[in-house]
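Q: Input: one structure, supplied below.
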Amino acid sequence: MSDNKRPLILVSNDDGHTFEGLKALTRVAREFADVVVAAPMVHQSGKGSAITFMSPLRAFKASQEPGLTTWVVDGTPADCVKLGLSELTEGRQPDLVLSGINHGYNTGVATLNSGTVGGAIEAAVHDIPAVAFSLGQYGVEADMTPCLPMVRRIIKHVLEHGLPRKVCLNVNFPYGKGEFKGVKMATLGMGRWCNETERRTDPFGLDYYWLTGHYKLDDPNDTTNDVYLINQGYITVTPIKVDNTAHELLNDMGSELGFDTPANEHSSN
């Protein structure tokens, strides 16, 4: 690392250390800060916030130059961020964690499975501002260039203003819709995958299954969610919280079941 007066950004992804999205994000991050990259050795899509704890976790320094150190980790995106924060940044706390740019969307309930979002959430757990970026182009050599002006804008803003505690941002860029229509804050498009497995037969006559299907929104008339807005050609930005508690149900459900509730706790103090 070159200059302790510069901010420090930790960069990871879930596609793996060879993918263009990670390289593009790293190049932009270097415009603002010293950078440590901690990226998976192999493809880790769909791993969500999974961590490795039943086997050793290893990291290999792939390269080092002034202002940039790159590590390859034989673990998940959350592993990469954990290890980056605890071991790979030479005692410096990152000012920002970036995850992506993912090759493919991370919208709606896919955020529950996304390793890209999982990496950002892991940073938010540690009270470090984090942003996950995704583009709806799945090819290994996907062109990330159209995304970069907005990536720069968001990095600059978060470095200057931070984010609320335990909150990260999930940013998705549309692909194949022409020029971006603009940027919209969006909710997560709640829904589910339909017909999501397809049975196939291998050359030995044995069945196997492939994830496929289509996504069905719970409310097709909702025009504020990321799935809808991406399809309309907008960049979407969604704040995501670490805390999954349904706070609005604690008191009513507790009363129905006859359990102690936070309201009872406050009234007894």
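Throughout, read-outs are computed from the coordinates displayed, never taken from laboratory work. No experiment lies behind these values; they were computed from the predicted model shown.
Q: Excluding residues on the same chain fewer than 8 positions from LYS5, give the lysines whose Cα lies under 18 Å from its Cα.
A: Leaving aside lysines fewer than 8 places away in the same chain, those within reach of LYS5 are LYS156.
Q: If you average the sequence gap of Cα pairs under 8 Å that are 6 or more apart and divide by the length of segment 171-212, what percent do you get for the contact order? If you can, show how the numbers build up before the last one.
A: Details: 23 pairs, mean separation 10.8, N = 42.
That works out to 26 percent.
Q: Also, I was wondering about something else. Given a cut-off of under 8 Å on Cα pairs at least six residues apart, what relative contact order in percent is computed for segment 42-157?
A: Computed over segment 42-157, the figure is 27 percent.
Q: Let me ask you something else. For segment 155-161, take each phi angle, set θ = phi - 60°, evaluate the Karplus expression 6.51 cos²θ - 1.76 cosθ + 1.60, and give the result in whole Hz per residue in order, putting x for glycine and proline.
A: 4, 4, 5, 5, 4, 7, 10
Q: At a Cα cut-off below 12 Å, give the aspartates and glutamates reachable from LYS184, other chains included and same-chain residues fewer than 8 away excluded.
A: ASP226
Q: Could you tell me whether segment 94-224 comes out rounded, prolate or oblate from its Cα gyration tensor? Rule is a ≥ b ≥ c as square roots of the eigenvalues, rounded for a/c under 1.5, then prolate if a/b exceeds b/c, otherwise oblate.
A: Prolate is the answer for segment 94-224, as a/c is 1.5 or above and a/b outweighs b/c.
Q: Classify the chain from the C-alpha gyration tensor, please: rounded if a/c falls under 1.5, else prolate or oblate depending on whether a/b exceeds b/c.
A: Numbers: a/c = 1.39, a/b = 1.13, b/c = 1.23.
Because its axes are fairly even, with a/c under 1.5, the chain counts as rounded.
Q: Okay, next question. Roughly how many Å is it from the Cα centre of segment 79-112 to that of segment 175-207, as a whole number?
A: 23
Q: Using helices alone, what [θ] at 222 nm do you get for the chain, with -39,500 (n - 2.57) per DSSP H run of 4 or more residues, divided over all residues and rounded to the nearest 500?
A: It lands at -7000 deg cm²/dmol.
Q: Which whole-Hz couplings ³J(HN,Hα) result when phi for each residue of segment 210-227 is put into the Karplus expression 6.51 cos²θ - 1.76 cosθ + 1.60, θ = phi - 60°, listed in order with x for Gly and Pro?
A: 10, 5, 8, x, 9, 9, 10, 6, 4, 10, x, 8, 7, 9, 10, 8, 5, 4
Q: Could you tell me which of rounded, prolate or oblate describes segment 151-269, using a ≥ b ≥ c as the square roots of the eigenvalues of the alpha-carbon gyration tensor, with rounded for a/c under 1.5 and, failing that, prolate when a/b is larger than b/c and oblate otherwise?
A: Judged from the Cα gyration tensor, segment 151-269 comes out oblate (a/c at least 1.5, b/c at or above a/b).
Q: Over 18 Å between C-alpha atoms is what I'm after, so list which of LYS47/LYS82; LYS61/LYS82; LYS47/LYS177 land there.
A: Where the Cα-Cα span goes over 18 Å, the pairs concerned are LYS47/LYS177.
Q: From the backbone phi of segment 88-102, what are the Karplus-calculated ³J(HN,Hα) couplings (6.51 cos²θ - 1.76 cosθ + 1.60, θ = phi - 60°) in whole Hz, Gly and Pro given as x?
A: Per-residue couplings from phi come out as 9, 9, 6, x, 8, 8, x, 7, 7, 10, 10, 10, x, 5, 5 Hz.
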